[in-house]
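Scroll down for the structure; my scribbles are underneath it.
The values are calculated or read from the model by the stated rules, or taken from the named source; none is laboratory data. All values reported here derive from a predicted model rather than from experimental measurement. All Cβ positions, glycine included, derive from the backbone under ideal geometry; neighbour counts span all protein chains shown.
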Amino acid sequence: MDKNLTVKILRFHPEKCDGRRDCEKACSQVHFKSDEGGDKSAIRIIKDGKSYKMHVCNQRGLCIDVCPVGAITRRKITVWLDEETCIGCQSCVGFCPIGAMRKSDARVEPFKCISCGACVRACPNGALELVEVKIDDVKEVVYHKLGK
């Protein structure tokens, strides 16, 4: 793999987060054309004592190897799930070691963060940042067959 390839991941600044979850609402707009947030958002902001923490896909790509139909691939800046190829088996949801591959009752296919930046733009406090990192710094492979 080319050592210069990069991926975009979300960086969270908890000291700037006020817990309004505008980021979740923006994400659910991208995935479901809804501003519900919560279960329809790939990003979750979780109360952690007096602060907040972010839960979202880290773009490591472990799910690439587990998809039986090859619907999950690495595309330019993100790990991508092709909804047209996906058969809705939910293997990736069950397999994701951090629980960031999401399932919603609103559709058969799972969904995840696509590093689109909608959440970053929606945060009024600058608590989220989309940063570019070397793919080799985040990539993990389970089976060498698919994890490219």
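Observations on the model:
- In the set (1) within 18 Å of Gly99 (Cβ to Cβ); (2) modelled with pLDDT of 95 or more; (3) under 16 Å from the mean Cα position of the chain (by Cα), Lys47 fails one condition alone, (3).
- Residues in region 1-29 that are out of contact with any strand residue (DSSP E or B) (no Cβ under 9 Å at 6 or more places or on another chain) and over 15 Å from Lys103 (Cα atoms): Met1, Asp2, Asp22, Lys25, Ala26, Gln29.
- Being of a type in the set (Lys, Arg) and surrounded by fewer than 20 Cβ atoms within 10 Å (Cβ to Cβ) is a property that holds for Lys76.
- Matching residues, region 33-54, being part of a loop (DSSP other than H, G, I, E, B) and not charged (D, E, K, R): Ser34, Gly37, Ser41, Ala42, Ile43, Gly49
- Being surrounded by fewer than 21 Cβ atoms within 10 Å (Cβ to Cβ) and within 16 Å of Cys116 (Cβ to Cβ) holds for only one residue in Ser34, Ser28, Ser41, and it is Ser34.
- When the strands (runs of 3 or more DSSP E) confined to region 55-148 are screened for residues that are under 24 Å from Asp35 (Cα atoms), those reaching at least 2 such residues are found at 78-81, 128-134.
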